[in-house]
Amino acid sequence: MIYVARTAVLVGLLAVVIVLGGCGGDPALTSGKVYLGQEDYVSAIEQLQLAIRNDPGAWEPHLYLGMAYAETEELEMAHDEFFTALDLAQSEADEETVENEITRYWLKYDKQGEQYNEAAQFTDAIEQFEKAIIIDDRKPEAYINLGYALHMTGQHDSAVDVFEQALEYAPDNEVLIENLVNVYETKAGNLAAVGNYEEALMFFEKIEQVAPETPDLMYNIALMHYQLKNYRQAIKYYRRQLEENEDDKDVLYRIFLCHWAIAGDLKELGQEEAAKDEYRAALNPLLQLVELEDSNVTYHRALMRVYNELGQEKEALVEVRKIEQLLAGEQGE
């Protein structure tokens with residue numbers, strides 16, 4: 001299951017407090033603040049732009065202009081003004097003031113998006129999270145939630161892009177990684193289902209980069225290599241899967257199949273001795289399988305075939321008799 005990340009930033013949605021400058025301040029800045037408090041955003045923008053022309057190095061006009069743009073949802077321009085103000089801030093207190101305003105507007109959209117996600121209104125959620133990211137593209141929470149909403153609407157490629165971008169800001173965020181792995185698995189599964197094993201393998205390898213302990217990941221990587229006839233690579237990853245459970249019968253049988261396929265290819269090339277080495281290697285997982293489940297006819301048939309390829313007629317005959325015995329037992333039940 002994929003989970004929605006809750007907003008972790010604890011900043012209250014406070015009302016805007018407009019602090020008027022003293023008599024010695026720039027009249028344009030003072031007027032801009034007044035108009036902003038009166039929600040006359042057109043006049044506020046005009047005066048604040050004038051204040052910036054009067055003093056290009058001052059941080060306050062950029063902050064309040066960013067607020068005016070944010071109130072009119074001109075979010076790209078709001079972002080530019082907020083971060084200009086942050087760059088020009090003269091003290092830690094000034095920076096904190098700017099950061100608080102950035103976060104206040106970011107929260108407005110992120111929280112609304114979370115509410116839409118919870119209500120399964122994912123299209124509306126996407127719109128809100130995209131707005132939050134425009135305001136502040138540094139916070140991973142909005143990316144996580146946006147990726148979730150995209151995933152739930154089947155926009156898996158876009159979800160991958162969003163999650164990967166968020167990973168740059170929060171490489172150790174467990175919720176982000178879990179969501180990203182879920183999207184990668186969905187993509188890989190869809191690709192494998194239509195026979196596009198090469199691209200499916202690419203997404204499984206992406207999972208290996210961010211979450212190598214994902215259950216059955218080595219198995220899936222091995223399976224993609226097997227489908228691509230990269231048998232030795234498949235064996236490598238199947239053996240890594242065995243580290244989780246050395247008696248995994250499915251994995252052991254697939255290792256046998258890989259050696260069997262390699263041996264067949266070598267025989268076609270006339271490399272008989274090399275092929276026999278692979279048949280001998282195929283014996284090991286089969287013998288382990290028979291030890292685990294001696295009543296399995298499939299395992300004994302495979303052993304018979306391998307012994308025949310190795311010219312071990314006596315051992316092959318023992319397997320024939322074992323198969324007959326097992327089949328007779330099944331018929332008598």
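For the range 128-169, a residue qualifies if it is of a type in the set (Gly, Ala, Ser), closer than 16 Å to residue 185 by Cβ and under 11 Å from the mean Cα position of the chain (by Cα), and the qualifying residues are 147, 159.
Per-residue answers, yes or no, for (1) touching a helix residue (DSSP H, G or I) at 6+ places or on another chain (Cβ under 9 Å); (2) surrounded by fewer than 22 Cβ atoms within 10 Å (Cβ to Cβ):
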| position | (1), (2) |
| --- | --- |
| 192 | yes, yes |
| 195 | yes, yes |
| 213 | no, yes |
| 221 | yes, no |
| 224 | yes, no |
| 233 | yes, yes |
| 236 | yes, yes |
| 247 | yes, yes |
| 269 | yes, yes |
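Residue 3 fulfils the conditions (1) modelled with pLDDT under 95; (2) of a type outside the set (A, V, I, L, M, F, W, C); (3) assigned to a helix (DSSP H, G or I) except for a single criterion, (3). Among residues of the range 124-152 that are at positive phi, none has a beta-carbon under 7 Å from a residue that is modelled with pLDDT under 95 and part of a helix (DSSP H, G or I) at least six positions away or on a different chain. You will find that of 293, 319, the residue that is touching a Phe, Trp or Tyr at 6+ places or on another chain (Cβ under 9 Å), within 17 Å of residue 253 (Cβ to Cβ), crowded, with 18+ Cβ neighbours inside 10 Å and among the charged types (D, E, K, R) is 319 and no other. Cβ separations smaller than 7 Å between residues 6+ apart or across chains give the following pairs from the range 81-92 residues that are in the same structural domain as residue 68 (by TED's automatic domain parsing) and outside any helix (DSSP H, G or I) to residues that are surrounded by 11 or more Cβ atoms within 10 Å (Cβ to Cβ) and β-branched (Val, Ile, Thr): 89/98. Selection of the range 249-267 for residues being within 23 Å of residue 191 (Cβ to Cβ) and crowded, with 17+ Cβ neighbours inside 10 Å yields 251, 254, 257, 258.
Residues of the range 280-307 that are farther than 20 Å from residue 233 by Cβ, part of a helix (DSSP H, G or I) and of a type outside the set (A, V, I, L, M): 280, 288, 291, 298, 299, 300, 301, 305, 307. For the condition without any contact (Cβ under 8 Å) to a residue 40 or more places away in the chain, part of a helix (DSSP H, G or I) and more than 39 Å from the chain's Cα centre (by Cα), residue 320 qualifies. Residues that are in contact (Cβ under 8 Å) with a residue 40 or more places away in the chain and under 17 Å from residue 117 (Cα atoms) within the range 153-181 comprise 175, 176, 179, listed in sequence order.
The values are calculated or read from the model by the stated rules, or taken from the named source; none is laboratory data. As the structure is a prediction and not an experimental result, all values here were calculated from the model. All Cβ positions, glycine included, derive from the backbone under ideal geometry; neighbour counts span all protein chains shown.
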